[in-house]
Amino acid sequence: MQEKEYKNIKRNADIRMKGFKEKKDVADFFNIIDEKISPLPGIELVSLNKAAGRVLASSIKSQVKVPNYDRSAMDGYAIRGEETFGASTYSPIEFKVLGLSLPGKPFEGCVTTQTAVRIMTGAPIPEGADSVIPAELASEENSYLKVAESIPPGKNVGKIGEDVEIGQEILCAGRKLRPQDIGILSSIGISTLPVIKKPIIDVFITGDELLKPGSMPEGYKIVDSNSVMLDALVFRDIQIHPNIIFLEDRRELIRNALCKSNADFILISGGSSVGQEDHAPSLVKELGEMLIHGVALRPASPSGMGIINGKPIFLIPGNPVSCLCSYDLFASRAIRKCAGINYELPYKSVTLPLSSKISSMVGRMDYVRVKINNECVEPLAISGASLLSTTTIADGFLLVPGECEGYPSGANVKIYLYD
């Protein structure tokens, strides 16, 4: 190691090979994220067909009525409802059929006394008519309709503005757009939408022992799994792929990458702890501010967060299970918050009884992988930060809070489902 490099490390309170002086609670990390992270400033316009999953930057009010004409709610006959009063199977009332109204091709005439117009679902109600009798309640022969059941005026008619009125707030700012939201926006003539910007994310994958995905393990080299996992996790959260950058464990390489990045977020996978080649923590201190480093969490205790030139930097442990745990609890929360969407854990949850006890240590949160059998929860692993197979075998995980010594067999616990 060059003398100049060593002095820089020493000046910045290098903690390598010394261990953590203290580990903060997971709640402390959450508080820092919530204090420091907010949605990106500014908006961007996106086309309607690109808007699903995006977050509205401003509320949308309708400038039109939907529907903008009275329309039939079913196939049948448009008539004057009051003229059917008294109709029965034994005493049907007869109407002359004047023509046909189709969607987009309305009947041009007017319904008058004892007349009807054959009409299809969605077609405009002819002038003079006020209700639609279903086809199954009437019979037509030689252009005459016999009605055997009475219907009131307004029956089976979709009125103007029934769905949406002019000036109605359709969706409010901050809403994550669902497919049905896109549909209703299209119905009121919206073509582009103002949405909150998505963050640009760089992911630095560090480690001299790593081979890129697609390689075969050889000698003392292992194939990286964190890059593809983090890529998928970021895409799950905000539907973009981050920039993946592989870096050797060389301090100046990592330093230059941090300085040159144009991203809004940087995630550093590996080199986050206190080992000899763990450069990231001291570099964050040198270039900016380290807000938290070392968390009372198993696995993923070497997680951390700092700020460089206003840019959040997340330190994510290199062991794969720790990587998954750290991202989900911390980086995901920040990225989703930055994108303006719900930032709680993005997993469905169920509450089920434990099949066997879980022992934990007060003062530390445990991330426990579990399997569900016969509506009971079976703990699989608490430790084993490098054993990624424990997460593929597992159906989900539970979090044992720091104030808890664990759970007895039979206790009802909240499980977050991977699927």
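The values are calculated or read from the model by the stated rules, or taken from the named source; none is laboratory data. Please read these numbers as outputs of a predicted model, since none were measured by experiment. Cβ: placed from backbone, ideal geometry, glycine included. Neighbour counts: every protein chain shown.
Quick notes on this structure:
- Annotation: Gly310 fulfils all but one of (1) touching a strand residue (DSSP E or B) at 6+ places or on another chain (Cβ under 9 Å); (2) more than 20 Å from Gln239 (Cα to Cα); the unmet one is (1).
- The listed residue being more than 35 Å from the chain's Cα centre (by Cα), surrounded by fewer than 17 Cβ atoms within 10 Å (Cβ to Cβ) and small (Gly, Ala, Ser), out of Ala232, Ala173, Ala138, Ala148: Ala148
- Residue selected from segment 77-103 under the condition in contact (Cβ under 8 Å) with a residue 12 or more places away in the chain and in a loop (DSSP other than H, G, I, E, B), by the criterion nearest to Lys155 (Cα to Cα): Arg80
- Answer from Pro346, Pro353 - the residue that is over 15 Å from Ile266 (Cβ atoms) and in a loop (DSSP other than H, G, I, E, B): Pro346
- Hits in segment 236-293 (condition: over 25 Å from the mean Cα position of the chain (by Cα) and among the basic types (Lys, Arg)): Arg250, Arg251, Arg255, Lys260, Lys285
- Residue in segment 315-332 that is in contact with a Gly (Cβ under 7 Å, 6 or more places away or on another chain), part of a helix (DSSP H, G or I) and among the aliphatic types (A, V, I, L, M) present: yes
- Number of the exception - Glu141 against (1) more than 30 Å from Lys50 (Cβ to Cβ); (2) modelled with pLDDT of 95 or more: (2)
- Which numbered condition Asn49 fails, given (1) touching an Asp or Glu at 6+ places or on another chain (Cβ under 8 Å); (2) farther than 30 Å from Phe314 by Cα; (3) modelled with pLDDT under 95: (1)
Results for (1) out of contact with any helix residue (DSSP H, G or I) (no Cβ under 7 Å at 6 or more places or on another chain); (2) loosely packed, with under 13 Cβ neighbours inside 10 Å; (3) closer than 30 Å to Lys61 by Cα, shown as yes or no for each residue.
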{"position": "Ile93", "(1), (2), (3)": "no, no, no"}
{"position": "Val117", "(1), (2), (3)": "yes, no, no"}
{"position": "Gly122", "(1), (2), (3)": "yes, no, yes"}
{"position": "Ile125", "(1), (2), (3)": "yes, no, yes"}
{"position": "Pro134", "(1), (2), (3)": "yes, no, no"}
{"position": "Ser143", "(1), (2), (3)": "yes, yes, no"}
{"position": "Pro152", "(1), (2), (3)": "no, yes, no"}
{"position": "Glu162", "(1), (2), (3)": "yes, no, yes"}
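- If the condition is being in a helix (DSSP H, G or I) and buried (at least 23 other Cβ atoms within 10 Å of the Cβ), then segment 259-281 contributes Ala280, Pro281.
- Check on Glu218, within 24 Å of Ala300 (Cβ to Cβ) and either in contact with a Cys (Cβ under 8 Å, 6 or more places away or on another chain) or surrounded by fewer than 17 Cβ atoms within 10 Å (Cβ to Cβ) (or both): no
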